Amino acid sequence: MSHASGSSGPSRLSVWLRRALRFGVPVIVAYLIVTRIDFGVLKESFLDTNPLLFTVGILHAPVLIVIAAYRWKVLLQQYLSKAVGTVFAFRHYWIGQAIGFFTPASLGLDAYRIVVGGKRLGSYPRNVLIVLVEKLMALMTCTAIIVALYPLVSGVTDPRIRQIVTAAYVLLLVSLAAVLLAACAGRSRAVAVISDRAVRYVSSVLKNIGKRIGMNGISGNPGISLRTITDPLMSPRVLAVIVLSLGIQLVSSVKSQIYFISLGYDIPLAVNLFVTPMVYFIFLLPISLGSIGIREGVYILMYRMFGVPAEIALLISFYNLMGVLLNNAVGGVIVLLSPPDPDERGARRGREDQDAYAGG
């Protein structure tokens, strides 16, 4: 009895700590923001916002989903070697976006895409791989942007800028080296044997998880090797993924630039191009639901390094959040207007028939 209670102690403690971190950190950040913001300045800046420019800015939000969904489609076709419909990619990415907002670091978006991709296109493990590769490519793109734009913002005296660029430079080199080493190792027979064993182990874990949550279609033999992971990354078609990742960062930066102009605040576009990928990094941390609380603190902290008042940075955060909510609303509408899934409809009909038979 004591052994059982002792074994459950650490588990309960870890769950409590995760919950405290998830809900406590945003509350603390929100408190710090509230106690340091001049609400008079905040109200005045909000009322002076140009409504036309604000509308133009917020309408850029759906463009981000279109680009991100198309990037997902490209990766699906590369790793699954199947034709993927554009409507399928757009529809399910938008639905996943709406679902993912209520999970830390948008993990719900990734989980939804893995499930729907595996269910409709096959191979859950490969769909997991696609999401991981997408994150890796986005990470490398963001670090490359930070490193490339440093000469344009090097005049800023804040020492944290140099620290951020140094970290991005190291992370970019490590990522590139890891991809190149994996590509070379994939052609080694000994490494292939080891990687195949690792893949089979991961696949068995995924299969067991799938059985617990009702995804019995997960294959125990996904046919993934180190070469199947790295070869698409060495293909010229990977340039499309890089261009789309750059497009996401560019549209996000232009969107913020329009918001700044709507507030009558003059800021170089290079600053937004530099800050946007840094914000992306921090939002990857699974801290709060929809990054609420953390989002506002990050915007204030990042833009403060370039002399932007906290009130202006807070409004930029709110306006970007409105764009996210717009995308979530679109995803919700798509869910409401979508016809029932054929598999779910068949399962429901089967349950109804069983109930009718039992009742008879």
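For the range 38-48, the condition holds for at least one residue, the condition being that it is buried (at least 18 other Cβ atoms within 10 Å of the Cβ), in contact with a helix residue (DSSP H, G or I) (Cβ under 7 Å, 6 or more places away or on another chain) and in a helix (DSSP H, G or I).
Taking the listed residues A61, A83, the one that is surrounded by fewer than 18 Cβ atoms within 10 Å (Cβ to Cβ) and among the hydrophobic types (A, V, I, L, M, F, W, C) is A83, with no other qualifying. Quick check on T143: is it assigned to a helix (DSSP H, G or I), more than 30 Å from Y70 (Cα to Cα), modelled with pLDDT of 80 or more and of a type in the set (V, I, T)? When the stated conditions are applied, T143 does not pass them. Taken as a whole, the condition of being crowded, with 21+ Cβ neighbours inside 10 Å and aliphatic (A, V, I, L, M) does not apply to A148. Taking R120 as the residue in question, decide whether it is more than 30 Å from L273 (Cβ to Cβ) and either aromatic (F, W, Y) or at pLDDT below 85 (or both). Taking the combined requirement at face value, the residue does not satisfy it. Looking only at the range 70-82, residues that are over 17 Å from the mean Cα position of the chain (by Cα) and either more than 22 Å from M234 (Cβ to Cβ) or basic (K, R) (or both) come to 1 in all. When the residues of the range 33-63 are filtered to those that are over 29 Å from W94 (Cβ atoms) and touching a Gly at 6+ places or on another chain (Cβ under 7 Å), the one that is modelled with the highest pLDDT is D48. Note on the range 146-187: residues that are in contact (Cβ under 8 Å) with a residue 24 or more places away in the chain and either assigned to a loop (DSSP other than H, G, I, E, B) or on the phi > 0 side of the Ramachandran plot (or both) amount to 4.
The values are calculated or read from the model by the stated rules, or taken from the named source; none is laboratory data. A quick note: this is a predicted structure, and the numbers were derived from the prediction, not measured. Please note: Cβ atoms are built from the backbone with ideal geometry, for glycine as well, and neighbour counts cover all protein chains shown.
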